[in-house]
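The values are calculated or read from the model by the stated rules, or taken from the named source; none is laboratory data. Here the structure is a predicted model, which means the values were calculated and not measured. Please note: Cβ atoms are built from the backbone with ideal geometry, for glycine as well, and neighbour counts cover all protein chains shown. Areas reflect the complete protein model, heavy atoms only, side chains present, ligands, DNA and RNA absent. Shrake-Rupley method; radii C 1.70, N 1.55, O 1.52, S 1.80 Å.
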Amino acid sequence: MFAPIRIAASASLDIASALGRLPGGGKKGRKRVKKAFNGVYARCEDAGLIERMPAFDVDYGDDYPELRQLEASYADIRSECENLLRFRSQITDMSALGGQYTERGIHTIQWKAFMLKSGTFIPENCALAPKTAAALQPLTTIYNAFFSILEPHQYVSPHWGYYKGFVRYHLGVVIPENNANQKCWLRVNVDRADNARRDKKLIENGPKHYWENGRGVMFDDTNLHDAANDSDEVRVVLWLDVARKLPRGLDLYNRALLKAVYYEPSVRRFRENAVVRLPDAASG
């Protein structure tokens, strides 16, 4: 019964220390804060207070029933996405959105994001995909939502995600040939020892998931992962960052932290950069 108290006390010291060194600390300061916040969840996993996720979770319906509701709108989501793809040269490059999250070469690839929500919905973009936005609107657990558009023969190199209070969800929207040839894949290495070594070559030890149209998958993106579209056609998934299901105390901590983050000026600028202005024909 004292485990949560010990974890909270230890984590609070880490967070206070990190925040105390943040002013003027630049990238290193931000990394210390990120590590401290994520350490809360890592300690809870180690103590068995929250479940450690497998590489891929396709049986998430009991914990995240809202995602099954979303999948019922797949036909509308795909139709609106296909319409947007006619104008994809004008959709925002991932390089204009990702910042430090996917730094060091990942953004040299042909990868775009049509952002629908980042903390709050982006009205201009939602107007171009109204049925998709309407399907997302009731889902209060979702903080980021966008169409992730990966051009043919592109590889997203191995990297670690940013925040363990999220779980990542992908809905296959436009998957070439429904992956009959297994050319579009996601790979995740959840081995704790491999991740602790921070060696990106160890991605080779992870299993692969092959997206399918209309089907979802969840994973913890703070584990080492990579992805590829080895096909001759564009690949699109609907990418969601979903608040992780947590015990009440941790859930309150997580929601409070996320609320603070999404009111930062940098996030508001991010939303402004994500606005896409397409010709009137795009709405048809």
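Does VAL237 count as of a type in the set (A, V, I, L, M) and at pLDDT below 95? Steps first, please.
Numbers: of a type in the set (A, V, I, L, M): yes; at pLDDT below 95: no.
It is false that VAL237 is of a type in the set (A, V, I, L, M) and at pLDDT below 95.
When you go through ALA133, ALA127 one by one, which is the residue that is free of Cβ contacts under 8 Å to residues at least 60 places away in the same chain and more than 18 Å from VAL261 (Cβ to Cβ)? It would help to see each step written out before you state the result.
Working: ALA127 fails: free of Cβ contacts under 8 Å to residues at least 60 places away in the same chain.
It is ALA133.
Which condition from (1) surrounded by fewer than 19 Cβ atoms within 10 Å (Cβ to Cβ); (2) assigned to a strand (DSSP E or B) is the one that PRO138 breaks?
For PRO138, the failing item is (2).
Search the stretch 46-72 for residues that are free of Cβ contacts under 8 Å to residues at least 24 places away in the same chain and more than 19 Å from LEU186 (Cβ to Cβ) and pair each with any residue that is part of a loop (DSSP other than H, G, I, E, B) and open to solvent by less than 90 Å² (accessible area, probe 1.4 Å) when their beta-carbon atoms are under 6 Å apart and the residues are at least 6 apart or on different chains.
Taking only residues 6 or more apart or on different chains, the pairs are ARG68/GLY61.
Go through the stretch 141-155 and give me each residue that's over 18 Å from ARG271 (Cβ atoms), open to solvent by less than 10 Å² (accessible area, probe 1.4 Å) and within 14 Å of the chain's Cα centre (by Cα). Give the steps one after another, and end with the answer.
First, pick out the residues of the stretch 141-155 that are over 18 Å from ARG271 (Cβ atoms): 141, 149-155.
From what is left, the residues that are open to solvent by less than 10 Å² (accessible area, probe 1.4 Å) are 149-150.
Answer for the stretch 141-155, where residues must be over 18 Å from ARG271 (Cβ atoms), open to solvent by less than 10 Å² (accessible area, probe 1.4 Å) and within 14 Å of the chain's Cα centre (by Cα): just ILE149.
Say we look at the stretch 192-207 and pick out the residues that are in a helix (DSSP H, G or I) and open to solvent by less than 60 Å² (accessible area, probe 1.4 Å); which of these is nearest to LEU238 (Cα to Cα)? Can you show your working first?
Here is the first cut: in the stretch 192-207, the residues in a helix (DSSP H, G or I) are 192-197, 200-205.
The next check asks that each one be open to solvent by less than 60 Å² (accessible area, probe 1.4 Å); those that pass are 194-195, 202-203.
Values: ASP194: 29, ASN195: 26, LEU202: 27, ILE203: 23 Å.
Checking each candidate, the answer is ILE203.
Looking only at residues in the stretch 106-121 that are among the hydroxyl-bearing types (Ser, Thr, Tyr) and open to solvent by 30 Å² or more (accessible area, probe 1.4 Å), which one is modelled with the lowest pLDDT? Walk me through how you get there before you give the answer.
Going residue by residue through the stretch 106-121, those that are among the hydroxyl-bearing types (Ser, Thr, Tyr) are 108, 118, 120.
If we keep only those that are open to solvent by 30 Å² or more (accessible area, probe 1.4 Å) too, we end up with 108, 120.
Values: THR108: 66, THR120: 95.
Only one residue fits best here, namely THR108.
If I filter the stretch 156-191 down to residues being open to solvent by less than 20 Å² (accessible area, probe 1.4 Å) and outside any strand (DSSP E or B), which single residue comes out as nearest to GLU51 (Cα to Cα)?
GLY165
Looking only at the stretch 65-90, count how many residues are part of a loop (DSSP other than H, G, I, E, B) and either exposed (fewer than 15 other Cβ atoms within 10 Å of the Cβ) or not hydrophobic (A, V, I, L, M, F, W, C) (or both).
Looking only at the stretch 65-90, we keep the residues that are part of a loop (DSSP other than H, G, I, E, B), and these are 72-73, 86-87.
Narrowing further to those that are either exposed (fewer than 15 other Cβ atoms within 10 Å of the Cβ) or not hydrophobic (A, V, I, L, M, F, W, C) (or both): 72-73, 86.
Of the residues in the stretch 65-90, 3 are part of a loop (DSSP other than H, G, I, E, B) and either exposed (fewer than 15 other Cβ atoms within 10 Å of the Cβ) or not hydrophobic (A, V, I, L, M, F, W, C) (or both).
Take the stretch 162-219 and flag every residue that is within 24 Å of LEU84 (Cα to Cα) and free of Cβ contacts under 8 Å to residues at least 40 places away in the same chain. Let's see the steps before the verdict.
Of all residues in the stretch 162-219, those within 24 Å of LEU84 (Cα to Cα) come to 168-179, 183-186, 210-217.
If the condition is that a residue be within 24 Å of LEU84 (Cα to Cα) and free of Cβ contacts under 8 Å to residues at least 40 places away in the same chain, then ASN178, ASN179, TYR210 are the ones that fit.
Quick one: which residue in TYR262, TYR169, TYR253, TYR162 is aromatic (Phe, Trp, Tyr) and either at positive phi or modelled with pLDDT of 95 or more (or both)?
Values: TYR262 fails: either at positive phi or modelled with pLDDT of 95 or more (or both); TYR253 fails: either at positive phi or modelled with pLDDT of 95 or more (or both); TYR162 fails: either at positive phi or modelled with pLDDT of 95 or more (or both).
So the residue among TYR262, TYR169, TYR253, TYR162 that is aromatic (Phe, Trp, Tyr) and either at positive phi or modelled with pLDDT of 95 or more (or both) is TYR169.
Give the stretch 35-45 a look and list any residue that's touching a residue at least 24 places away in the same chain (Cβ under 8 Å) and open to solvent by less than 40 Å² (accessible area, probe 1.4 Å), or say none.
Narrowing the stretch 35-45 to residues touching a residue at least 24 places away in the same chain (Cβ under 8 Å): 36-44.
Within the stretch 35-45, ALA36, PHE37, ASN38, GLY39, VAL40, TYR41, ALA42, CYS44 meet the criteria.
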